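Below: the structure, in structure tokens.
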Amino acid sequence: MTGRVVAVRRPAWNDGPVAKPNSPVDRYVHRGDVLLSCVEAIARTRGGPAYRKCGRSGSVWRVVHGGQIPATCVKRA
């Protein structure tokens, strides 16, 4: 993980299958937490990236236990 704390967001009932930056927070992950995820969710927007988190913009969310986090906030080994 990069950064200090990242929110795990669960898509709201009207968000569809992919979380949004303003979706409800389920829990938080901290730097050093091990995340097991091999599934990605792609947020489709009409113009531009879906979010700007952890110093970068993107549209890919990693599906983790409890919800989804921005892929730009995950450091892969």
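The values are calculated or read from the model by the stated rules, or taken from the named source; none is laboratory data. Note that this is a predicted model, so its numbers are computed, not measured. As a convention, Cβ positions derive from the backbone with ideal geometry for all residues, glycine included, and neighbour counts pool all protein chains shown. All accessible areas refer to the heavy atoms of the entire protein, side chains included, with ligands and DNA or RNA removed. Shrake-Rupley method; radii C 1.70, N 1.55, O 1.52, S 1.80 Å.
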When the residues of the range 6-32 are filtered to those that are under 13 Å from Lys75 (Cα atoms) and modelled with pLDDT under 85, which remaining residue is surrounded by the most Cβ atoms within 10 Å (Cβ to Cβ)?
Arg31
Touching a Phe, Trp or Tyr at 6+ places or on another chain (Cβ under 9 Å), of a type outside the set (Val, Ile, Thr) and open to solvent by less than 50 Å² (accessible area, probe 1.4 Å): is that true of Ala43 in this structure?
yes
If you check Pro49 against the conditions, is it open to solvent by 30 Å² or more (accessible area, probe 1.4 Å), free of Cβ contacts under 8 Å to residues at least 60 places away in the same chain and in contact with a Pro (Cβ under 8 Å, 6 or more places away or on another chain)?
no
Got a sec? Which of Ser57, Ser37 is surrounded by fewer than 17 Cβ atoms within 10 Å (Cβ to Cβ), small (Gly, Ala, Ser) and touching a Gly at 6+ places or on another chain (Cβ under 9 Å)?
Ser57
